[in-house]
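A short reminder: the numbers here are calculations on the coordinates, not readings from a lab. Not measured: the values here are computed from a predicted model. As a convention, Cβ positions derive from the backbone with ideal geometry for all residues, glycine included, and neighbour counts pool all protein chains shown.
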Amino acid sequence: MPGSTFGELFRVTNFGESHGPAIGCVIDGCPPGLALSEADIQPELDRRRPGTSRHVTQRNEPDAVEIQSGVFEGLTTGTPIALLIRNTDQRSRDYANLLDTFRPGHADYTYWRKYGHRDPRGGGRSSARLTAPMVAAGAVARKWLREQHGTTFTGWMSALGEIEIPFEDEAQIPLNPFFAANASLIPRLEAHMDALRKAGDSCGARIEVRARQVPPGLGEPLFDKLDADIAYAMMGINAVKGVEIGDGFGCVAARGSDFGDELLPTGFASNHAGGVLGGISTGQDLVVRIAIKPTSSIRTPRRSIDRAGQPTRVETHGRHDPCVGIRATPIAEAMLALVVMDHALRQRAQCGDVRLAQPAIPGQAAAEQGRAPG
């Protein structure tokens, strides 16, 4: 199947199905000498895995990662790294009624039209379960970027359905199942999700993710723009229907006198561009927002057709996320890390010997040398 490999120099090939024996990925291009074990990867998978609260699917998967190759005596060897995650809690019978019909808003119909045959169990290859291997690969990228450049990635939910979630305290993000940086709104978010589950309906969400201490100079000025590749990566996440970089659509009503990020001897005065100018990173935070549509697998009866084109009604039972956006934060962080990792290696390959006599902005010298400022 084409379209299962992501990246150029840091290449991740994703494999498996939602209800198959296992899912996983093969990472090709990871530099040698990186200390790596399952313990470096598992925490990120634990953040994404199902069954962690009553507000997400109750499919109980441990998502325990196994490193099958590419690591010897605790260090990456530069050869392909195979990561395996076994499926242990499939309930394929929940999808028996979907073999001959299609969920409105789901990939069921388009998958059938493309391939003429589909695996209806959990969505097969179109399942959000296939984001788990990308989170695992992202954990590898995050560790290398953190050690080489001091780059870190943080995401949070900024809206759940119609509820806006103002950012208040980053320390709150890991303390609630919504990845919300706002403790005061958690009871309202929980009540909203309880009502949706009772009604057999779903809602969308907005996620914001930031990369900090990003080396300047990543990306290309034309077709391989850093922000273009970020948008490509984010749109590859299941249910994502919109991507903003920086102020995004807010630039429409802005004036050039306000929107252009002024340069001062101490750095940029603002970051409306989201850390990318002309497709190349500025060294500021990368700022990305994604819009996630409501879950298509819901109990509410919906009109559809069967494979013969005859009208029918679809009710989806089983274990599903009323809002897939609840578990999307670590996925968005991982995909951003994979983009930055790939471009960092591409920059090192082409422009690794470029040195400025005097960095234009204080504090960038260490990042350009591959070290985080003290």
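Distance between the pseudo-spin-label points of Trp112 and Glu164 (7 Å out from Cα toward the beta carbon): 4.2 nm. Listed peptides 288-294, 145-151 appear in the order 288-294, 145-151 once ranked by packing, highest mean of other Cβ atoms within 10 Å at the front. Summarising the amide proton neighbourhood of Gly242: residues at separation of 5 or more, or on other chains, whose placed amide H is nearer than 5 Å comprise Ala291. On the basis of the beta-carbon distance and an R0 of 22 Å, Asp46 and Ser4 show a calculated FRET efficiency of 0.35.
Relative contact order for the stretch 5-368: 21 percent, from Cα pairs under 8 Å spaced at least 6 residues apart, divided by residue count. Our estimate of slack between Val252 and Thr88, defined as 0.36 nm per intervening residue step minus the Cα-Cα distance, is 54.2 nm.
Extending 7 Å from Cα along the Cβ direction at Ile305 and again at Ser270 yields two label points whose distance is 5.0 nm.
Of all aspartates and glutamates in the structure, the ones whose alpha carbon falls short of 16 Å from that of Lys198, not counting any fewer than 8 places away in one chain, are Glu190, Glu315, Asp321.
For the pair Glu38 and Ser184 in one chain, pulling the backbone fully straight at 0.36 nm per residue adds 49.0 nm over the alpha carbon distance. For a label point 7 angstrom out from the Cα of Arg212 toward its Cβ, which stretches of the stretch 261-303 have the backbone nitrogen within less than 16 Å? Of the residues in the stretch 261-303, 271, 275, 283-288 have backbone N under 16 Å from the label point off Arg212. Each Lys and Arg contributes +1 and each Asp and Glu -1, all at the Cβ; summed about the Cα centre of the chain, the dipole is approximately 1340 debye.
Sorting the segments 349-355, 8-14 by their residues' average number of neighbouring beta-carbon atoms within 10 angstrom, most packed first, yields 8-14, 349-355.
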